[in-house]
1. Classify segment 133-205 from the C-alpha gyration tensor, please: rounded if a/c falls under 1.5, else prolate or oblate depending on whether a/b exceeds b/c.
2. Please arrange 31, 133 by counting, for each residue, the other beta carbons lying within 10 Å of its beta carbon, fewest first.
3. Any idea how far the Cα center of segment 97-158 sits from the one of segment 172-245, in Å?
4. If each residue's Cβ is checked for other Cβ atoms within 10 Å, how do 100, 53 rank with the fewest at the top?
5. Taking Rh as the Kirkwood radius computed over C-alpha pairs, what is the Stokes-Einstein D of segment 1-151 at 25 °C in a medium of viscosity 0.890 mPa s, expressed in µm² per second?
6. Just from the alpha-carbon atoms, what are the Rg and Dmax of segment 92-245 in angstroms?
7. Provide 42, 202 in ascending order of the number of other Cβ atoms located within 10 Å of each residue's Cβ, fewest first.
Ligand SMILES: C[S@@+](CC[C@H](N)C(=O)[O-])C[C@H]1O[C@@H](n2cnc3c(N)ncnc32)[C@H](O)[C@@H]1O
C-alpha cells in the first residue's frame, strides 16, 4: 500500500532513483554521463505536474529532458504522468521503479540553477506558465527577470534558446522588456498561440489546458541565446519567401 503524507511522498520519490534526481549538484557537468549519450538536453524550469515534459520525452526520444520543480509532491505527480505517457504500468505494491532513458525529474530550486548545470550543458530552457508575481516588489522572483536570464545564459550552449509561454499579459510584457533590455533577439512572438496557425505538434501543459479551455489567449516567445541559434535564424530570414499560388 502506498504511504501517504509528506514522509510517504519523500520515501516514494527517493525510491525512484532511475527517474528522480534529488542530488542535482552532483551531476553538474555530468548530465551526459547520466543519460549515457551526448544528445541535447532540454529542461523545463517549473514543470508542475509534468504533463509537458512527459509528453515531450515520449515524442522526442533523441532529446534528453529534465523537468525541474521544488516540491516533492509535484515530482511524485510528474513521475506518475511520466509513467503513463510512456505506457508503463505501476507495479504491485505501488512499485514505482522505472527508467525512461531520456527523462529525469529534478527536485531543485531554480534560484540556484547554475549550481546544477555546468556552462553550456543545456540546449533549451522551457518556461511554461511561470508564476507571474504581479506585485512590483516581487519582480526579482519572476523567472524571466534579468537576474534569472543571466543564469540561463550561463548554462545554455551555442544552440541555446529559451521558449516561454504564459497566459499572463503583465508577465509577458515584463518578459519581452527584460529580454529586449538584455539585447536578446526574439522570434515567433505570439499573443494568441492557439489561434495563430496552431501547430498540431504543439505540446500543452496542465496550466495551458486549463486557461486555453477558458478561452484565455496564450502568449509565447522564443529567445535565441547561443550564437549558433541566432546565426541559424538570421540565415533563415535571408531565404526568399515561397511564392504564393
Ligand atoms: C504555475 S506552475 C506551472 C506548471 C507547469 N509548467 C504548467 O504549465 O502547467 C509554476 C511551477 O513552477 C514551480 N516553481 C516556481 N518557482 C520555482 C523555483 N524557484 N524552483 C523550482 N520550481 C519553481 C512551482 O512549484 C510550480 O509547479
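Each reported figure results from applying straightforward, stated rules to the coordinates on display, with no laboratory input. Here the structure is a predicted model, which is why all the values come from computation and not from measurement. All Cβ positions, even for glycine, are placed from backbone atoms using ideal geometry, and neighbour counts span all protein chains on display.
1. Working: a/c = 1.96, a/b = 1.24, b/c = 1.58.
Note, shape of segment 133-205 comes out oblate.
2. Details: 31 21, 133 18.
With the fewest neighbours first, 31, 133 line up as 133, 31.
3. Taking the Cα centre of segment 172-245 as reference, the centre of segment 97-158 is 18 Å away.
4. On the way: 100 20, 53 30.
In order of increasing Cβ crowding within 10 Å: 100, 53.
5. On the way: Rh = 15.9 Å.
Roughly 154 µm²/s, to the nearest whole number.
6. Cα radius of gyration and Dmax of segment 92-245 are 17.5, 61 Å respectively.
7. Numbers: 42 22, 202 12.
Going from least to most buried by this count: 202, 42.
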